[in-house]
Amino acid sequence: MAILVTGGSGYIGSHTCVELLNAGYDIVVVDNLTNSRLESLRRVREITGRDFKFYKVDLLDQEALIRVFAQNKIDAVIHFAGHKSVGESVRLPLWYYHNNITGTLVLCKVMEKYGVKNIVFSSSATVYGLQEKVPIAEELPLSATNPYGRTKLMIEEMLRDLYLSDSNWSIALLRYFNPAGAHNSGLIGEDPNGIPNNLMPYITQVAAGRLKELQVFGNDYETIDGTGVRDFIHVVDLALGHLSALTKVMATTGVEAYNLGTGRGYSVLELVKAFETVTGMRIPYTITSRRPGDIGICYANPSKAERELGWVAEKGIEEMCSDSWRWQSNNPNGYLEEAKIAAGVGAAPSPRTLSRSNEDFFVYIGR
Ligand code: NAD
Ligand code: UFG
């Protein structure tokens, strides 16, 4: 009995793997490593002391995915795999639609073939579109303003149709607000490619001296100090939300959406201030014009998740700042250097490659 985690070597996926392993679940991870490194999973092993299987498989490769299901007894799937950059999705819409939607389609077909009908899906608060009414509750009308958001919306609808066609399915649509922070070991965290789009990794890279200063996108919103307000949620709280959703989908059938947020908004400058207070670092910034497509204020009403999943976010903004900084300062170049060492000389315990083919390879993450 195992939980399949797609996109498990990514930012939220790796933190969820830690919590699943700590809670005693067996896991199987599938990722094509387009936006992550195997090193993150070696560190998941280091944090938890538990071994597990990893398949370098692209969800678009149905035959490879079938092999994963044939070789493992999967009970439920937590589905993180997908592209996630709004700007990139505007430039490369077909790549986003194909990867995110077709990937999920192939996954569901293979799940159906093997009679696995429990799935927890990574949706996003982006499905609420340009909503200005806060707090945002699940029943508000949905819309999307870019291809990335539309993939999330379409997948939610596809999964609802799947349940309507077969009531044995059990589906949780988790709408994340703004994930931030890192595991408190400092071993795993967010490792964006190139210049970060999101606020917290931008701040930590300014603090680390990799970027000169923060540009604050607008100070003329109707908020406490004019800068944008968001519901930042610690990635470990988010990971634990997946375990609560998993318990629910394994015990019932149906399809339900849940907001995963704290219910409290912080402005950009409040986050900067909190980071400076917690770390003692100074974050130079300048105010620039609004970023196109941004809304002023966005935070969740998370009460449905509390009521139906028994889940609440517990970690505050200070912990998000201190954990993000620990990760960034311990790993100034993310996973890059460690990954090179592990691959080159095996200085650190490296994953054992058991077999490799052109399309996919299987790795046992263990000693
Ligand atoms: P991430 O990029 O770190 O992780 C996603 C993983 O999926 C990566 O490891 C990538 O290599 C893998 N992947 C992508 N396409 C794949 C494919 N076709 N086959 C196999 N693997 C594939 O992103 P994250 O921040 O951990 O986000 C996880 C999920 O949560 C995504 O679906 C994202 O859209 C969603 N989400 C993220 C945020 C956020 O701010 N981080 C907010 C809301 C929703
Ligand atoms: N911001 C800055 N400067 C920066 C980066 C961000 O001022 O360099 C501001 C933004 O204008 C916004 C706030 O910081 O007011 C948060 O911005 P992020 O880019 O970190 O997060 P968003 O809320 O814009 O977007 C996130 C995810 C999207 C998702 C959206 C809704 O990155 O994928 O939440 O769920 F679609």
Which residue pairs have Cβ atoms closer than 8 Å, lie 6 or more positions apart in sequence or on different chains, and pair a first residue in the stretch 291-308 that is more than 26 Å from Thr223 (Cα to Cα) with a second residue that is within 16 Å of ligand 1 (Cβ to nearest atom)?
-> Ala305/Gly241; Ala305/Tyr258; Ala305/Asn259; Ala305/Leu260; Glu308/Tyr258
Looking at (1) open to solvent by 40 Å² or more (accessible area, probe 1.4 Å); (2) within 19 Å of Ile188 (Cβ to Cβ); (3) away from ligand 2 (no atom under 16 Å from the Cβ), which is the only condition Ser9 fails?
-> (1)
(1) open to solvent by less than 10 Å² (accessible area, probe 1.4 Å); (2) at negative phi; (3) not polar (S, T, N, Q): which one isn't true of Gly181, the others all being true?
-> (2)
Any idea which of Asp58, Asp26, Asp31 is surrounded by 21 or more Cβ atoms within 10 Å (Cβ to Cβ) and acidic (Asp, Glu)?
-> Asp31
Reported set for the stretch 265-305 where residues are more than 16 Å from ligand 1 (Cβ to nearest atom), under 22 Å from Leu142 (Cα atoms) and open to solvent by 20 Å² or more (accessible area, probe 1.4 Å) is Pro292, Ile297, Asn301, Ser303, Lys304
Residue hits (the stretch 306-323; open to solvent by 60 Å² or more (accessible area, probe 1.4 Å) and in a helix (DSSP H, G or I)) are Glu306, Arg307, Glu308, Glu318, Glu319
Pairs with Cβ under 8 Å, 6+ apart, first in the stretch 15-43 and within 15 Å of Asn193 (Cβ to Cβ), second more than 12 Å from ligand 1 (Cβ to nearest atom) | Arg37/Leu336; Arg37/Ala339; Glu39/Glu338; Glu39/Ala339; Glu39/Ala342
Quick one: what pairs do we get from the stretch 268-285, first residue farther than 12 Å from Thr204 by Cβ, second within 16 Å of ligand 1 (Cβ to nearest atom) and open to solvent by 30 Å² or more (accessible area, probe 1.4 Å), C-beta under 7 Å, 6+ apart or different chains?
-> Val268/Leu199
Test result for Thr262, buried (at least 20 other Cβ atoms within 10 Å of the Cβ) and polar (S, T, N, Q) = yes
Output for the stretch 150-200, where each listed residue is touching a Phe, Trp or Tyr at 6+ places or on another chain (Cβ under 7 Å), more than 25 Å from Thr247 (Cβ to Cβ) and more than 13 Å from ligand 1 (Cβ to nearest atom) = Gly186
Could you give me the residue pairs with C-beta distances under 8 Å whose first residue belongs to the stretch 235-247 and is assigned to a helix (DSSP H, G or I), whose second residue is polar (S, T, N, Q) and open to solvent by 10 Å² or more (accessible area, probe 1.4 Å) wherever it lies, and which are 6+ apart or on separate chains?
-> Val236/Asn184; Asp237/Thr262; Leu246/Asn118
Answer yes or no: is there a residue in the stretch 191-199 that is in contact with an Asp or Glu (Cβ under 6 Å, 6 or more places away or on another chain), farther than 26 Å from Thr252 by Cβ and surrounded by 18 or more Cβ atoms within 10 Å (Cβ to Cβ).
-> no
Among (1) within 13 Å of ligand 2 (Cβ to nearest atom); (2) open to solvent by 30 Å² or more (accessible area, probe 1.4 Å); (3) free of Cβ contacts under 8 Å to residues at least 60 places away in the same chain, the one test that Lys152 misses = (2)
Based on what the data block shows, is Glu46 touching a Leu at 6+ places or on another chain (Cβ under 9 Å), touching a residue at least 40 places away in the same chain (Cβ under 8 Å), among the acidic types (Asp, Glu) and open to solvent by 30 Å² or more (accessible area, probe 1.4 Å)?
-> yes
Close pairs (6 angstrom Cβ cut-off, 6 or more residues apart or separate chains): touching a residue at least 60 places away in the same chain (Cβ under 8 Å) in the stretch 197-212, in a loop (DSSP other than H, G, I, E, B) anywhere = Pro201/Glu190; Pro201/Pro192; Ile203/Ile283; Gln205/Leu211; Val206/Ile283; Ala207/Met281; Ala208/Pro332
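The values are calculated or read from the model by the stated rules, or taken from the named source; none is laboratory data. Keep in mind that what you see is a predicted model, and the values were worked out from it rather than measured. Note that each Cβ is placed from the backbone with ideal geometry, even for glycine, and that neighbours are counted across all protein chains shown. For accessibility, only protein heavy atoms count, side chains too; no ligands or nucleic acids. Shrake-Rupley method; radii C 1.70, N 1.55, O 1.52, S 1.80 Å.
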